[in-house]
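What follows is a set of notes on a single structure, which appears directly below.
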Amino acid sequence: MADTHHGTAFPEGFLWGGATAANQCEGGWNEGGKGLSAADVFAFRDPNNATSGADIHANCDVTDADIDEALAADDDTRYPKRRGADFYHRYAEDIALYAEMGFKVYRMSIAWSRIFPRGDEQEPCEEGLAFYDRVFDECAKHGIEPLVTMSHYEPPLAFCREYNGWYNRRSIEFFCRYVDVITRRYADKVKYWLTFNEVDSILRHPFMTGGLIESRWTPEEFPAVVRQAMHHQFVASARATKICHENIPGSKVGCMLTKVTFYPYTCKPDDVLAAQRRMRETYCYGDVQVFGAYPHYLLNDYQNRGIEIHQEPGDAQVMRENPVDFVSFSYYMSSCAAGDAAGLDVTEANTTTGVKNPYLPSSEWGWQIDPVGLRVSLIDLYDRYRKPLFIVENGIGVREEPDDEGRIHDDYRIDYLSAHLAEAKKAILEDGVELMGYTSWAPIDLVSNSTNQMSKRYGFVYVDADDHCQGTYDRLRKDSFWWYQKVIAANGADLSAE
Ligand code: BG6
């Protein structure tokens, strides 16, 4: 569809940038006093073995035996997240590349286990704190505002193993100590914060998000365990918001949701209802963090499933009094829902499953590409929450290698991103949505969350490394690098490839 707003810019002060996460880009897993995290024991598995939704879930699962095996391995070849994209050693070079593209904002995360190596200490690790000082100073040098996720898939391993991660009520105390330390330390350096990345993802990968080693419970027990852990994250998120506002007056704290827009497969009322139910499943977590209370329909769902969560006095109050300031989300694709999905093609993407939309193309990993779905999502989220929105992840993973001249002509990435940005622009200008900014996932190639592959590349910048941490890790600008630079320079007035 043509961009009718060609020549029209995004609002003044729009925060253009890119998004990464420590567990996928940082590396330096055993340096600077860092403790091991869940990400460091997640071994590379052939993602081609994951063919169904259940397999995707299993592919993200980690048992105690897996962890013992990981602890015996002191290298990174089978554990690509230990090496990431080597940001730990190359942050200055990477931030300079972001500055060259004109970034106004850089979304990144702090690795909890770099600050509290086990998660339960009283005192933080100074070397870890000093590392992020250097990163934020580098951003400041280039006039880039950091947007920091407090927790992005890397609970400290000792916290997972010895405390059962977020299932343990003490998780709130440990996490809030960490939040207090980082918000005091970086009070002059970081104004924008997110609490938990894709807070709903604990249902899809309980270990990476919640530090839950699923095999420790029976399949009957586990659904309640996850909801209890999620409750602790909700309370911790509200308390983190409060701590952040107190320690950094004027700071802005957002929630972060996985936005998969579900369409009815047909206009059959049963399909419409099925899509509505899937959407509610994705909204309920935002509802808690924006409205400050569990929506009745979620509690009703728990009751129907026989799930009881334990809440302590004061939980409801802290959640009510500390809603988020803005709503951020990832958007990669849409999907369909049907009342009766028997015989219909299914897609597995971004660790969710849905019915395949016959009108949409897919990425190599089966993620259905749908720019209009971003506009639909923006309108839905804005109408529901009436808070400023922030697209903090959007991008396409592709296998790519430099050609003989050392160039990567990633016109498909330019097409994907420009089409999505055109829809975001329409949502702002035609639909009246308030959008603070856009950070693409990811400005640089890094290790995939769901498949652990380096070869699933998202960046404007190529990293010379394979799935087994072999390579120079040298950086190379792709064609999209220059395109994004031009887009930012014109504040989105020109999204074209020329
Ligand atoms: C988001 C996550 O869901 O999707 C990121 O917040 C992740 O951590 C991104 O990397 C892309 O998914 P994947 O599995 O391709 O890395």
- How many nm separate the modelled label positions at residue 273 and residue 372, each set 7 Å beyond the Cα in the direction of the Cβ? 2.6 nm
- Full extension from residue 305 to residue 220: what is 0.36 nm times the residue separation minus their Cα-Cα distance, to one decimal in nm? 29.5 nm
- Message: At 10 °C and a viscosity of 1.306 mPa s, what translational diffusion coefficient does Stokes-Einstein give for the range 276-411, taking Rh as the Kirkwood radius over Cα pairs? Give it in µm²/s as a whole number.
- Response: 89 µm²/s
- Query: Dividing the convex hull volume of the alpha carbon atoms of the range 225-275 by its residue count, what do you get in Å³ per residue?
  - Reply: 113 Å³
- Query: Given the pairs 242/486; 34/141; 242/478, which span a C-alpha to C-alpha distance of over 31 angstrom in this model?
  - Reply: 242/486; 242/478
- Query: In the range 266-325, if every C-alpha pair distance is counted and binned at 5 Å from zero, what percent goes to each bin?
  - Reply: 4, 16, 19, 22, 17, 10, 6, 4, 2, 0
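So for the range 120-174, what percent of the C-alpha to C-alpha distances run longer than 14 Å?
Distances greater than 14 Å cover 67 percent of the Cα pairs.
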- Message: Based on the alpha-carbon set only, what is the convex hull volume of the range 361-404 divided per residue, in Å³?
- Response: 102 Å³
- Query: Beyond 28 Å, what share of the Cα-Cα pairs of the range 350-498 remains, rounded to the nearest whole percent?
  - Reply: 24 percent
- Which peptide among 244-251, 340-347, 436-443 comes first, and what is the full order, when sorted by highest mean count of other Cβ atoms within 10 Å? 436-443, 244-251, 340-347
- Rounded to the nearest 500, what is the chain's calculated 222 nm mean residue ellipticity when only DSSP H runs of at least 4 contribute -39500 (n - 2.57) each, over all residues? -12000 deg cm²/dmol
- Quick one: grab the alpha carbon gyration tensor of the chain, order the square roots of its eigenvalues as a ≥ b ≥ c, and give me rounded if a/c is under 1.5, else prolate or oblate depending on whether a/b is larger than b/c. rounded
- Just how large is the dipole of the chain about the Cα centre, in debye to the nearest 20, putting +1 at every Lys and Arg Cβ and -1 at every Asp and Glu Cβ? 1340 debye
- Query: Debye sum, Cα scatterers, the range 154-231, no solvent: what log₁₀ I/I(0) at q = 0.17, 0.23, 0.26 1/Å?
  - Reply: -0.68, -1.07, -1.26
- Sequence-separation-based contact order of the chain, relative, with Cα cut under 8 Å and 6+ spacing, percent: 19 percent
- Query: If you take all C-alpha pairs in the range 392-456, what percent of them are over 17 Å apart?
  - Reply: 52 percent
- For residue 356, counting only lysines whose alpha-carbon sits under 17 Å away and dropping same-chain residues fewer than eight positions off, the answer is 259, 268
- Item | Where GluC sites (Glu not before Pro) fall in DSSP loop in the range 262-360, at most 11 other Cβ within 10 Å | 308
- Message: Given a 1.4 angstrom probe, what's the average accessible area per residue across the range 360-498, in square angstrom?
- Response: 34 Å²
- Task: Please report the orientation-averaged projected area of the range 83-212, defined via the convex hull of its C-alpha atoms, in nm².
- Result: 8.0 nm²
- Item | Whole-number D in µm² s⁻¹ for the range 220-353, Kirkwood Cα-pair radius fed into Stokes-Einstein, 10 °C, 1.306 mPa s | 95 µm²/s
- Query: Rounded to a whole number, what % of the accessible area of the chain do carbon and sulfur atoms account for, probe 1.4 Å?
  - Reply: 49 percent
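The values are calculated or read from the model by the stated rules, or taken from the named source; none is laboratory data. Source: prediction; values computed, not measured. Virtual Cβ from ideal backbone geometry, glycine too; neighbours counted across all protein chains shown. The protein model used for the area step is the full one, side chains on, heavy atoms only, and it has no ligands, DNA or RNA in it. Shrake-Rupley method; radii C 1.70, N 1.55, O 1.52, S 1.80 Å.
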